[in-house]
Protein chains: 2
Amino acid sequence: MMLRGGLVFMSDTRTNAGLDNISTFKKMKIWEEPGERVLTLMSAGNLATTQAVVSLLDERSKLPEDRTPSLMKAPSMFQAACMVGDTLREVIKGLREGGQRADSGFDATLILGGQIAGSAPRLFLIYPEGNFIEAGEDTPFFQIGEIKYGRPILVRAYDPDLTFASAMKLLLVSFDSTLKANLSVGAPLDYFCYDVDSLKAEHIGRVEADNQQFQTISTQWGNALKQALDTLPDVALNTD
Amino acid sequence: MMLRGGLVFMSDTRTNAGLDNISTFKKMKIWEEPGERVLTLMSAGNLATTQAVVSLLDERSKLPEDRTPSLMKAPSMFQAACMVGDTLREVIKGLREGGQRADSGFDATLILGGQIAGSAPRLFLIYPEGNFIEAGEDTPFFQIGEIKYGRPILVRAYDPDLTFASAMKLLLVSFDSTLKANLSVGAPLDYFCYDVDSLKAEHIGRVEADNQQFQTISTQWGNALKQALDTLPDVALNTD
């Protein structure tokens, strides 16, 4: 999510290969060179694919003298998105050409956001085909994975002037709606609030399922919604 | 939706065969024998299938001396649900055996609710296979079609003691979330609020897209949600 004050990322940690095979994996990866660049990558889809993409990008970023292209050397966020998209497409193509098949396919979708010194923060949604779109004023946030349950509250309550604290509440409520509806999404939730122009990775954390504040939000939200409904005008019922 | 005061039904009217071929059809059918029974059927899925099902059930209900079984003669809501389920399965089976194929399939899902004199109101969700499940205290409402966007608000704000006026607001807000997200769902919205034990079909109507009250609800809901978010406690951000 893009705000005037920066970028806010949140991801769940549940992966599954069927209802009876669920695990917890972090789906948010942050690369940082303080004062120079901060990049965040979140993933949805086939875990083997997304882990391979992150590992490849990570290897290349750690040994820039040996391996190019490197995310840490990309001259712009656009170039970084191209690099991530190419890597994603290569990984998926490699698996398909190997003749492997999986019931659920090897596809994955990524969100890349961050800032490189000298430019504004940017946010991209990267498709399995390797192409991508960028967030702007009209579409200031992206969702990947199980997006539908949590979308209406984002559409309604998003405001570019949200503080990090309010944005966190909004994202937690959005995730909570999805957690309650779909077993493939599960806590803990990882977050990262990036302060515009800070060029450092702080405000990184994890909200556990038993986090007291999260539980309070979850329980109070139902009541808050009911009260919100009460404030709306009645609709005249046809009495025919 | 089952309430202590009765049953509330709402359906949209948009059907589509692709983004460039959309039409308006009523998806709610009501059969009534005042003082004896009221049955409501709502449909989602292939329009040809659901119209065939409704036409077959309707023909049989109009000429009960010639055609059996008839919905108007079913001794119980359970038997009525069996009858609807059988008809649905037959129609789908007939289309498949005819060798026809459609990109989107011939499947349809139905909601049947109503009351027959001497019994309580009952509400069923009928699958394309012809089998069905019944709403109860734990699951007091059903959705069919594009269910995800509108579900969280229903889960949170449903209360069996809702008045019809409040239930209508809840359903309009739920539909509005879906209308804003998916072009395959569109106004006008048909509704029917059935008073328990009334055994007559009143409070039937249609909310047009330009209905002033609906537009007010739609615009005020965003603000109401933002205020509801503000009432929630902040989550402490990690300052590492």
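Read the figures in this text as sums done on the coordinates, not as results from a lab. Small disclaimer: the values here were computed from a predicted structure and weren't measured. Ideal geometry is used to build each Cβ from the backbone, glycine not excepted, and the neighbour counts take in all protein chains shown.
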Checklist entry - In the range A:18-32, which residue that is in a loop (DSSP other than H, G, I, E, B) and without any contact (Cβ under 8 Å) to a residue 40 or more places away in the chain is nearest to residue A:173 (Cα to Cα)? => result A:25
Checklist outcome for this item: Quick count over the range B:27-39, residues being among the β-branched types (Val, Ile, Thr) and surrounded by 22 or more Cβ atoms within 10 Å (Cβ to Cβ), is 1
Checklist entry - If you scan the range A:88-133, which residues turn out to be exposed (fewer than 14 other Cβ atoms within 10 Å of the Cβ) and part of a strand (DSSP E or B)? => result A:133
Item to check | Of all residues making up the range A:139-169, the number that are within 19 Å of residue B:146 (Cα to Cα) and in contact with a strand residue (DSSP E or B) (Cβ under 6 Å, 6 or more places away or on another chain) | outcome: 2
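Can you tell me which of A:85, A:35 is more than 20 Å from residue A:174 (Cα to Cα) and outside any helix (DSSP H, G or I)?
After applying the criteria, what remains is A:35.
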